[in-house]
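The values are calculated or read from the model by the stated rules, or taken from the named source; none is laboratory data. This structure is a prediction, so every number in the text was calculated from the model and none was measured. Glycine gets a Cβ as well: all are built from the backbone with ideal geometry, and neighbour counts include every protein chain shown. Heavy atoms of the whole protein, side chains included, go into the accessibility calculation; ligands, DNA and RNA do not. Shrake-Rupley method; radii C 1.70, N 1.55, O 1.52, S 1.80 Å.
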Amino acid sequence: MHRRGVGAGAIAKKKLAEAKYKERGTVLAEDQLAQMSKQLDMFKTNLEEFASKHKQEIRKNPEFRVQFQDMCATIGVDPLASGKGFWSEMLGVGDFYYELGVQIIEVCLALKHRNGGLITLEELHQQVLKGRGKFAQDVSQDDLIRAIKKLKALGTGFGIIPVGGTYLIQSVPAELNMDHTVVLQLAEKNGYVTVSEIKACLKWETERARQVLEHLLKEGLAWLDLQAPGEAHYWLPALFTDLYSQEITAEEARETLP
Amino acid sequence: MDRFVWTSGLLEINETLVIQQRGIKFDAGTLLLSTHRLIWRDHKNHECCMAIPLSQIVFIEEQAAGIGKSAKIVVHLHTAPPNKEPGPFQSSKNSYIKLSFKEHGQIEFYRRLSEEMTQRRWENVPVSQSLQTNRGPQPGRIRAVGIVGIERKLEEKRKETDKNISEAFEDLSKLMIKAKEMVELSKSIANKIKDKQGDITEDETIRFKSYLLSMGIANPVTRETYGSGTQYHMQLARQLAGILQVPLEERGGIMSLTEVYCLVNRARGMELLSPEDLVNACKMLEALKLPLRLRVFDSGVMVIELQSHKEEEMVASALETVSEKGSLTSEEFAKLVGMSVLLAKERLLLAEKMGHLCRDDSVEGLRFYPNLFMTQS
């Protein structure tokens, strides 16, 4: 009787078939690579055309930039991943954001002595605009956020913390967990926070509140005010920039301390 | 609002009614737009009727409706001419009026009013009642002078910009469709590669990665959002080794990646590196046997150091420094040695890790002392 599909012969045949499929697979992948290469060239041409017509739009219009970024994100493309990418080379989006990254780093470094490495998005925005000068192109807060997200790759401890209706930007690698963040958000209202306030609003034990505040003090993000009426106030320099009417350097700050 | 003039509400000769809209505020009235004037007639009291010559209008803008608010048109006006005929108010400090459209119709009215402003038909066909115009009417010719002219030009420019933007969005959408095709193709190729598990050549992998890099597509196999290990990054690594040698030596052999990013991009001026470009290039430094290397501290801080730099040796000298002073914080140490606070902290932490220093962590800050437990047992 002739039985099918068993025996050494059948196994050998099966292996041969598999090998052939694999080979076919190789051929298919090469084909696809070649196809991708061709499509890539075509896409590059399309992008060049787009750039020649609308490059200005991206440069001048922040809303358009947002749309552009959102669309890219939706389809799974990151136009800012590399300066060597098509998007960057042809639309110039790369240079815009990478340079912004440099400016953000510089502003944060300059103000670190004052606020411990924590700054509101508003203040960062103002300072960056100041640094860019009158004739430079306008940047929006959305632009800043995107640039900062990219900077995270440098392992610098850049973080974005939502507070109130805005964001706090962290530029030093300080350990901030959920508890710390929540207290920062609470402090946003008045620029300072007290143990009683934390206990009342967040329903925490005294010890938990104290630990969080001590940590913020240690990291240089909060200042202790023992002369405040009632109980000790913990101020967050990052949040009360309006009170600073003049720039003081780290030297001057140290000199004023007893 | 002193620009209004009492009027009989009758159309003058040659004046034609353009559009009329009910429900306009000043308490329920009807707004009429003629070729020459904006006329408001009270709903209840038909005798009450006011008008503004269109020539008095500098600029109009729309205000969208909100919750509890109806849509409005804000009409900005010139200062009243001295020989104006009597109206409801003698003087007003505002130079604009708001027309509130309680029964809609704002969009159409705005459009017609804009048109009339552009066409300026009142100039071409003067009416019997002497309406003040600041410029002599010249039939047939539209003159773009004065503020109105500028505003009109701005309006045209704005329309042009709007048109450009919609065109840009259209083109952008088309482009994105094509980009999406590329993403799908790359996924399919990546799947093939995964299945083959090593049957793919080195060359093909490199090609694929560079395609991903160009498009900014995340590598579907490794989930990295860049084509790391591409030719580009290797080149870049070599360039960096050249650029950074001297700055590193000037800074004691070690620099944070943030400093490197700023230094390199400031030097370039154009065709800047993305943060990811920099990280990827640095990751290849050691493999390419270049005289620099990337180092990641426990805290996540990333630095570039010269190969010749031995951080562990630096720790020994740090210990000396701390011992001399009794104890030091990161800031104090940084100042003494002349390095950035960030790197100073890392060095002290490393010294602690190696057992040479121990810490005193209080609200006053983090202070390091020589580890006497080790040395004085």
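Ignoring ligands, DNA and RNA, how much accessible area is buried between chains A and B, both sides summed, with a 1.4 Å probe, to the nearest 100 Å²?
The summed interface area works out to 5500 Å².
How shielded is B:185-193 by partner chains, expressed as the average number of their Cβ atoms within 10 Å of its Cβ atoms?
Partner Cβ neighbours, averaged per residue: 4.
Between A:Ala8 and B:Glu271, what FRET efficiency comes out of the Förster formula 1/(1 + (r/R0)^6) with R0 = 41 Å and r the beta carbon distance, rounded to 0.05?
After rounding to 0.05, the efficiency reads 0.05.
List the relative contact order of chain A as a percent without decimals, with contacts defined as Cα pairs under 8 Å and 6+ residues apart. Walk me through the numbers on the way to the answer.
Working: 231 pairs, mean separation 34.8, N = 258.
Averaging sequence separation for qualifying contacts and normalising by length gives 13 percent for chain A.
Shielding by partners for A:83-92, please: the mean number of other protein chain Cβ atoms within 10 Å of each residue's Cβ.
Mean shielding count: 6.
Under unit Cβ charges (Lys, Arg +1; Asp, Glu -1), what dipole magnitude, rounded to 20 debye, does chain A have relative to its Cα centre?
1960
Roughly how many Å² is the accessible area per residue of the range A:23-115, as a whole number, for a 1.4 Å probe?
Details: 4040 Å² over 93 residues.
Accessible area per residue: 43 Å².
Could you give the nm distance between label points at A:Lys134 and B:Lys174, where each point is 7 Å from its Cα heading toward the beta carbon?
The answer from the label model is 4.1 nm.
Heads up, I need the accessible area for B:Ile147: 1.4 angstrom probe, whole protein in place, Å², nearest 10.
Looks like 90 Å² after rounding.
Only four residue types carry charge here, +1 at the Cβ of Lys and Arg and -1 at the Cβ of Asp and Glu. Report the dipole size of the range A:29-107 about the Cα centre in Debye, rounded to the nearest 20. If you can, show how the numbers build up before the last one.
Details: 8 positive and 13 negative charges, 45 e Å.
The dipole magnitude comes to about 220 debye.
Can you give the helix-only mean residue ellipticity at 222 nm for chain A, where every DSSP H stretch with n ≥ 4 adds -39500 (n - 2.57) and the sum goes over all residues, rounded to the nearest 500 deg cm²/dmol?
Computed mean residue ellipticity for chain A: -19500 deg cm²/dmol.
Among the listed pairs A:Lys53/B:Lys153; A:Lys60/B:Lys157; A:Lys55/A:Lys134, which have their C-alpha atoms separated by more than 18 angstrom in this model? Write down the numbers at each step before the final one.
Details: A:Lys53/B:Lys153 23 Å; A:Lys60/B:Lys157 15 Å; A:Lys55/A:Lys134 22 Å.
From A:Lys53/B:Lys153; A:Lys60/B:Lys157; A:Lys55/A:Lys134, over 18 Å: A:Lys53/B:Lys153; A:Lys55/A:Lys134.
What FRET efficiency comes out for the pair A:Phe240/A:Lys199, r = Cβ-Cβ distance, R0 = 25 Å, nearest 0.05? Intermediate results must be reported in sequence, preceding the final value.
Values: r = 23 Å, r/R0 = 0.90.
FRET efficiency, A:Phe240 to A:Lys199: 0.65.
Shielding of A:95-101 by partners, i.e. mean partner chain Cβ atoms within 10 Å per residue?
Average neighbour count from other chains, rounded to a whole number: 5.
Students often forget the sequence filter, so: which lysines lie under 16 Å Cα-Cα from A:Lys14 once same-chain residues fewer than 8 apart are removed?
In chain and number order, the partners are A:Lys22.
Considering only protein heavy atoms and a probe of 1.4 Å, how much of the accessible area of the range B:222-349 is carbon and sulfur, as a whole percent?
Of the solvent-accessible surface of the range B:222-349, carbon and sulfur hold 54 percent.
Would you calculate the separation in nanometres between label points at A:Leu16 and A:Glu63, each defined as 7 Å from the Cα along the Cα-to-beta-carbon direction?
Here the answer is 6.9 nm between the modelled labels.
Looking at the square roots a ≥ b ≥ c of the eigenvalues of the Cα gyration tensor of chain A, which shape do they give, rounded for a/c under 1.5, prolate if a/b is larger than b/c, or oblate?
Because a/c hits 1.5 or more and a/b fails to exceed b/c, chain A counts as oblate.
How much of B:Arg41 can a 1.4 Å solvent probe reach, expressed as accessible area in Å² and rounded to 10?
70
Using the basic label-point model (7 angstrom from Cα toward the beta carbon), what is the B:Glu167 to A:Lys38 distance in nanometres?
The answer from the label model is 3.2 nm.
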